[in-house]
1. Of the residues that make up the range 73-83, is at least one under 15 Å from residue 37 (Cα atoms), touching a Leu at 6+ places or on another chain (Cβ under 7 Å) and assigned by TED's automatic domain parsing to the domain that holds residue 25?
2. Can you tell me which of 195, 185 is at pLDDT 85 or above and part of a loop (DSSP other than H, G, I, E, B)?
3. Somewhere in the range 68-86, is a residue surrounded by 19 or more Cβ atoms within 10 Å (Cβ to Cβ) and acidic (Asp, Glu)?
4. Could we say that residue 167 is in the same structural domain as residue 23 (by TED's automatic domain parsing), modelled with pLDDT under 90, of a type in the set (D, E, K, R) and in a loop (DSSP other than H, G, I, E, B) here?
5. Determine whether residue 60 is free of Cβ contacts under 8 Å to residues at least 40 places away in the same chain and in a helix (DSSP H, G or I).
6. Say whether the condition of being assigned by TED's automatic domain parsing to the domain that holds residue 151, at negative phi, touching a helix residue (DSSP H, G or I) at 6+ places or on another chain (Cβ under 7 Å) and without any contact (Cβ under 8 Å) to a residue 24 or more places away in the chain is met by at least one residue in the range 98-109.
7. Would the range 87-97 turn up any residue that is assigned by TED's automatic domain parsing to the domain that holds residue 56, modelled with pLDDT of 95 or more and within 21 Å of the chain's Cα centre (by Cα)?
Amino acid sequence: MNTCQRYLKEIAKARHLEELQEAMNFVLSELSIESYAYLNVGVGTNSARSPFLIGNYKSDWTDYYIRNKLDLIDPVIEASIKSCVPFFWGVPEVVYASRPEQEVLFRQAASFGIRHGWTVPIHNCNGRIGTINICSSKEFDQFKEHIENLAMMLHVISIHFHASVCKCELADTKRSSIDLTTREKQCLEWAAKGKSRTDIAEIVGLSPRTVKFHIENAQKKFGVFSTRQAALQAVLSGMISI
């Protein structure tokens, strides 16, 4: 297994966005990359949806960026909409601020150590764009040389990371929209502790048939076909504890 395959495997193991961010933090630190941000934004009719951002940029900056909708004036996002090819930004010779409000944005970003960077744009068929933004506080020429040596690997990693974000975001959204009743949680909690339906019925004071009813309802909500799978999903989503 080569280095790139090892990194892709690390990313593929993530099941939730928190795990995915940790995996990307590890991969990029191995490649001596200081900081990154993944930003997913809408284009056209999809622009009404709030941008989605994860990474290890300073939270003060990312909170300010999202709160003030700076993606709407960001020259990096403007360039990403027009191209699928990775590009450098932050110095006059490449993508740079061309309007006063963009100059302000770049100055603000620089105060948080984001002076220049390299972006991989990834276009979805649903009208949204994902961007992997890798930045550095090093001198631009030094940063550019480092990235160019890793460009092919970083491009592949970025595409896989974007696909994993979409997968994890869908899974997290699906889990968060599930609402179990108190009885369903109670039955699954005992099931997670290894109790049979008969045992659960005795413990909670219900008939085995009623316990079966609650557990099967929970299975349907999670889209699984066994008590064990439903209990596992409930534990992983934090709905119950064991």
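The values are calculated or read from the model by the stated rules, or taken from the named source; none is laboratory data. The model shown is predicted, which means the values in this text are computed figures rather than measured ones. We place every Cβ from the backbone using ideal geometry, glycine too, and count neighbours over all the protein chains shown.
1. Taking the range 73-83 first, the residues under 15 Å from residue 37 (Cα atoms) are 74, 76-77, 80.
Filter again for touching a Leu at 6+ places or on another chain (Cβ under 7 Å), leaving 74.
Then drop every residue that is not assigned by TED's automatic domain parsing to the domain that holds residue 25, which leaves 74.
Checked against the condition, which is being under 15 Å from residue 37 (Cα atoms), touching a Leu at 6+ places or on another chain (Cβ under 7 Å) and assigned by TED's automatic domain parsing to the domain that holds residue 25, the range 73-83 yields at least one hit.
2. 195
3. Yes: one or more hits.
4. On the way: in the same structural domain as residue 23 (by TED's automatic domain parsing): yes; modelled with pLDDT under 90: yes; of a type in the set (D, E, K, R): yes; in a loop (DSSP other than H, G, I, E, B): no.
No: the conditions fail for residue 167.
5. Working: free of Cβ contacts under 8 Å to residues at least 40 places away in the same chain: no; in a helix (DSSP H, G or I): yes.
No, not satisfied.
6. Checked the range 98-109: at least one residue is assigned by TED's automatic domain parsing to the domain that holds residue 151, at negative phi, touching a helix residue (DSSP H, G or I) at 6+ places or on another chain (Cβ under 7 Å) and without any contact (Cβ under 8 Å) to a residue 24 or more places away in the chain.
7. Looking for residues that are assigned by TED's automatic domain parsing to the domain that holds residue 56, modelled with pLDDT of 95 or more and within 21 Å of the chain's Cα centre (by Cα), one finds none in the range 87-97, hence no.
Listed here are the residues, each with its yes/no results for (1) in contact (Cβ under 8 Å) with a residue 60 or more places away in the chain; (2) surrounded by 13 or more Cβ atoms within 10 Å (Cβ to Cβ); (3) assigned by TED's automatic domain parsing to the domain that holds residue 185.
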{"residue": "205", "(1), (2), (3)": "no, no, yes"}
{"residue": "209", "(1), (2), (3)": "no, no, yes"}
{"residue": "212", "(1), (2), (3)": "no, yes, yes"}
{"residue": "215", "(1), (2), (3)": "no, yes, yes"}
{"residue": "219", "(1), (2), (3)": "no, yes, yes"}
{"residue": "223", "(1), (2), (3)": "no, no, yes"}
{"residue": "227", "(1), (2), (3)": "no, yes, yes"}
{"residue": "230", "(1), (2), (3)": "no, yes, yes"}
{"residue": "241", "(1), (2), (3)": "no, no, no"}
